[in-house]
Amino acid sequence: MINHQIETFFKSNAFAVIGASSNRAKYGNKVLCCYLENNKKVYPVNPQEDSIEGVAVVHSVSELPDEVESISIITPPAITEKIVEEAIKKGIKNIWMQPGAESDLAIQNCKHHKINIIADGPCILVTLNYVGH
């Protein structure tokens, strides 16, 4: 089941990393770099930054271009819940909650709104580097 969810996630024309960071020690930076290294069109999302790894930052989910259908979330669970609500309003189809970002409430909210949700599972860093999308 999870492989189908991951395949669906990667069908998006563009992606976003919610919780992107300019700090290279943080997962929010590593996940962004992983997308870039795999030649994926990606938008970093962070309300406090203007540019990360040379890519212009979007300040909220609601400001993302419509081509973004899949987002990776690397935020504390309480923030994840707010991000999911924004993503539902925006029409995001696929959400990958990275380990540590999961919230039961956010997961249930995704399921209720028929969003393809990947949670309590693999890290995108392992998956992208493994399958080499």
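Of the conditions (1) out of contact with any strand residue (DSSP E or B) (no Cβ under 6 Å at 6 or more places or on another chain); (2) touching a residue at least 12 places away in the same chain (Cβ under 8 Å); (3) farther than 11 Å from ILE18 by Cβ; (4) open to solvent by 20 Å² or more (accessible area, probe 1.4 Å), GLN48 clears all except one; give me its number.
For GLN48, the failing item is (2).
Return yes when GLY54 is farther than 26 Å from HIS4 by Cβ and surrounded by fewer than 16 Cβ atoms within 10 Å (Cβ to Cβ) and no when it is not. Give the derivation first.
Values: farther than 26 Å from HIS4 by Cβ: yes; surrounded by fewer than 16 Cβ atoms within 10 Å (Cβ to Cβ): yes.
In short, yes.
Only one of ILE115, ILE88, ILE124 is under 13 Å from PHE9 (Cα atoms) and free of Cβ contacts under 8 Å to residues at least 40 places away in the same chain; which?
On the way: ILE88 fails: under 13 Å from PHE9 (Cα atoms); ILE124 fails: free of Cβ contacts under 8 Å to residues at least 40 places away in the same chain.
That would be ILE115, the only listed residue that is under 13 Å from PHE9 (Cα atoms) and free of Cβ contacts under 8 Å to residues at least 40 places away in the same chain.
Looking only at the stretch 11-31, count every residue that is aromatic (Phe, Trp, Tyr) and either touching a Gly at 6+ places or on another chain (Cβ under 9 Å) or surrounded by fewer than 17 Cβ atoms within 10 Å (Cβ to Cβ) (or both) and tell me the total. So that I can check it myself, show each step before the final result.
Looking only at the stretch 11-31, we keep the residues that are aromatic (Phe, Trp, Tyr), and these are 15, 27.
After this cut, where a residue has to be either touching a Gly at 6+ places or on another chain (Cβ under 9 Å) or surrounded by fewer than 17 Cβ atoms within 10 Å (Cβ to Cβ) (or both) as well, the list is 27.
Qualifying residue count, the stretch 11-31: 1.
Sort out which residues of the stretch 32-43 are assigned to a helix (DSSP H, G or I) and open to solvent by 10 Å² or more (accessible area, probe 1.4 Å), and write them in order of number. Let's see the steps before the verdict.
The initial filter retains those residues of the stretch 32-43 that are assigned to a helix (DSSP H, G or I), namely 32-37.
Selection gives CYS33, LEU36, GLU37.
Among the residues of the stretch 58-75, is there at least one that is more than 22 Å from LYS11 (Cβ to Cβ), at pLDDT 95 or above and surrounded by 15 or more Cβ atoms within 10 Å (Cβ to Cβ)? If you could, list the steps in order and put the result at the bottom.
Applying the first criterion (more than 22 Å from LYS11 (Cβ to Cβ)) to the stretch 58-75 yields 59-60, 62-63, 75.
Checking which are at pLDDT 95 or above leaves us with 59-60, 62-63, 75.
Subset that is surrounded by 15 or more Cβ atoms within 10 Å (Cβ to Cβ): 75.
Yes.
Take the stretch 47-71 and flag every residue that is part of a loop (DSSP other than H, G, I, E, B) and among the hydroxyl-bearing types (Ser, Thr, Tyr).
In the first step, residues of the stretch 47-71 are kept if they are part of a loop (DSSP other than H, G, I, E, B); the result is 47-50, 53-54, 57, 59-60, 64-67.
Residue satisfying the conditions is SER60 alone.
Which pairs turn up if I take residues in the stretch 1-29 that are under 17 Å from ALA101 (Cα atoms) and of a type in the set (A, V, I, L, M, F, W, C) and look for partners that are open to solvent by 30 Å² or more (accessible area, probe 1.4 Å) and modelled with pLDDT of 95 or more with beta carbon separation below 8 Å, at least 6 apart in sequence or on another chain?
What qualifies is ALA16/TYR43; VAL17/TYR43; VAL17/ILE74; ILE18/ILE74; ALA20/GLU49; ALA20/ILE74.
Which one of these does LYS82 not meet: (1) at pLDDT 85 or above; (2) touching a helix residue (DSSP H, G or I) at 6+ places or on another chain (Cβ under 7 Å); (3) open to solvent by 20 Å² or more (accessible area, probe 1.4 Å); (4) in a helix (DSSP H, G or I)?
All conditions pass for LYS82, except number (2).
Conditions (1) of a type in the set (Gly, Ala, Ser); (2) on the phi > 0 side of the Ramachandran plot, marked per residue:
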position	(1), (2)
SER62	yes, no
PRO65	no, no
VAL68	no, no
THR75	no, no
ALA78	yes, no
ILE83	no, no
LYS89	no, no
TRP96	no, no
GLY100	yes, yes
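The values are calculated or read from the model by the stated rules, or taken from the named source; none is laboratory data. Note that the structure is a prediction, hence the values are computed from the model and not measured. Neighbour counts run over all protein chains shown; Cβ positions are idealised from the backbone, glycine included. Protein only, heavy atoms only, side chains kept; ligands, DNA and RNA dropped before computing areas. Shrake-Rupley method; radii C 1.70, N 1.55, O 1.52, S 1.80 Å.
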